[in-house]
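Read the structure below first, then the notes.
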Amino acid sequence: MTSWQEARDLLHARIAPFGFELLGAVASDVYNASLDDKLSDYRIALADHDGPSVALVVGNTRRLWPLFLDAFATTSLADQANPLDAYSRRHIGAAAAQLASELGVVHALRFSFDPPPNTVAIQRLTALAGVAEVAPIGLCVHPTYGPWFSLRAAVVLGIAGPGASTSTATCSACTSKPCLGPREQVMALGAAGFSRELLADHWQTWLAMRDACPVGRAERYGDRQVRYHYLKDRSVLRDDSIGG
């Protein structure tokens, strides 16, 4: 039987060329046990599989951006409502299905942008897999990339996985907590409730929380990538084909 380490490495080899270079692993049971009843819909399971399973969390850094832009310019991604989500689904989904078939195991996918009932507590999963810590501002912070990475999916395979891991201390080792000032501004904006329109009108206030983090500043997204991340502004996909 293939180990979870081998499965993780095989998946990484398939998706890293498309910009999905961050992977972590934790047993599905460990993740499920961390969820209270209010989050019961976020639990993950494999149909027709009673044995153990592993959840592989998949993320990307700024290195995905030029690869995605090239695909946007040369494939049918421009026809999609959300090209980056479609890009993620296309490459992660194909790689996961191929890997599961080769290993002879069942699999399931939970994308971070999926609505219920396929929602996953992706930040909880990321922390349990030891990839990053969850910051007071609600973002995961990686010891190298800081808050400048994105979580895309959980690939669940019918293979026994590891217990919970602990990431290198980042937020827990930070004494100044510079992100909390911008966080107060965000909370004040959302006192009456958060909405997509509120984010669109005040996206730079949300960005200020991320920019305040002292970890991973060299890995900050380029301005165009930032704008697309917060506003889904498709004009930056047409105007920039190589990065930025």
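Here are some notes:
- For segment 43-89: rounded, prolate or oblate by the Cα gyration tensor [a/c cutoff 1.5]: prolate
- Whole-number percent relative contact order across segment 4-170, with pairs defined as alpha carbons under 8 Å at least 6 apart: 34 percent
- Along principal axes, Cα extents of the chain, largest first, whole Å: 49, 44, 32
- Oblate is the label for segment 112-189, because the ratio a/c of its alpha-carbon gyration tensor axes (a ≥ b ≥ c) is 1.5 or higher and a/b is not greater than b/c.
- Computed over neighbours whose Cβ is under 13 Å from that of residue 15, the net charge equals +4, Lys and Arg +1, Asp and Glu -1.
- Rounded to the nearest whole Hz, the Karplus-based 3J(HN,Hα) values (6.51 cos²θ - 1.76 cosθ + 1.60, θ = phi - 60°) of segment 175-189 follow the sequence 9, 7, 6, x, 6, 6, x, x, 4, 4, 5, 5, 5, 5, 4, with x at glycine and proline.
- Shape category assigned to segment 169-223 from the gyration tensor of Cα positions, a/c cut at 1.5: oblate
- Inter-part distance where segment 209-239 and segment 56-116 are each reduced to a Cα centre, Å: 20 Å
Rule-based calculations on the coordinates, nothing more; no lab input. This structure is a prediction, so every number in the text was calculated from the model and none was measured. Every residue, glycine among them, receives a Cβ derived from its backbone with ideal geometry; neighbour counts consider all protein chains shown.
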